[in-house]
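J.: Quick one: this structure, given as C-alpha cells, is what I'll be asking you about.
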C-alpha cells in the first residue's frame, strides 16, 4: 500500500518485475515472434486451406467459427492467420467460390444450368447477392460470362470516351 510517497516492499517488488518487462517491450522487435512461429503458422494455414478446399461448396459448413472448431484453434487465431497474409477469411472464401462459379459458367458445354443453380452449387445462399458480388469482382454479370456453345462470351463494344474516336468493335472476353 502506498502512503504519502512511501512504498511498501511489495510495491518495490512489483516495480522490480515490471521495469525489465517494460524495457523489453519498448525494444522488442515484433518480427522476431513471427519468425519463431512461422512454421506453426504455415502448418495451421495449410490446415485452414485444406478445410476450405473440402467444404468450399457447403454454405452451412464454411463459417470462420466452424472452420476454427474443426481444426482446433480459436476463431480469433484463424482471423489472425488470414490477416498475416493480407486476407480476410470471409473474402477469401467468397473469392474462391466466385472463381469456381465463373469456371462453371464459362465451361457449361451444351448445358444451361441457371445462374441461381450455379450460385447454390458454389455455396451461395442468395442468387441476387451472388450476382452482385460476381459483378463487383469480375465487372460483368454471371449471364454475360456464360460461354455460348463452348465459345468465350463476348460483350458488346465499350462506348467511346469523350474526345476519342468511336468504338472500333473491340470486345471484352469473360475469361480475362
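J.: Which one of these does residue 153 not meet: (1) modelled with pLDDT under 90; (2) out of contact with any strand residue (DSSP E or B) (no Cβ under 9 Å at 6 or more places or on another chain)?
T.: (2)
J.: Based on this model, can you work out whether residue 49 counts as at pLDDT 90 or above and over 17 Å from the mean Cα position of the chain (by Cα)?
T.: no
J.: Follow-up question, since we're still on this one. Could you pull out the residue among 131, 90, 83 that is surrounded by fewer than 19 Cβ atoms within 10 Å (Cβ to Cβ), farther than 24 Å from residue 42 by Cβ and at pLDDT 90 or above?
T.: Of the residues listed, the single one that is surrounded by fewer than 19 Cβ atoms within 10 Å (Cβ to Cβ), farther than 24 Å from residue 42 by Cβ and at pLDDT 90 or above is 131.
One line per residue, one yes/no per condition, for (1) free of Cβ contacts under 8 Å to residues at least 12 places away in the same chain; (2) closer than 30 Å to residue 140 by Cβ:
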residue	(1), (2)
46	yes, no
63	yes, yes
77	no, no
84	no, no
100	no, yes
107	no, yes
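J.: Right, another one. Please state which one of 116, 108 is surrounded by 10 or more Cβ atoms within 10 Å (Cβ to Cβ), at pLDDT 50 or above and closer than 23 Å to residue 55 by Cβ. I'd like the intermediate steps shown before the answer.
T.: Numbers: 108 fails: closer than 23 Å to residue 55 by Cβ.
Among 116, 108, only 116 is surrounded by 10 or more Cβ atoms within 10 Å (Cβ to Cβ), at pLDDT 50 or above and closer than 23 Å to residue 55 by Cβ.
The values are calculated or read from the model by the stated rules, or taken from the named source; none is laboratory data. Please read all numbers here as calculations on a predicted model, not as lab measurements. A quick note on method: Cβ atoms are made from the backbone with ideal geometry, for glycine too, and the neighbour counts reach across all protein chains shown.
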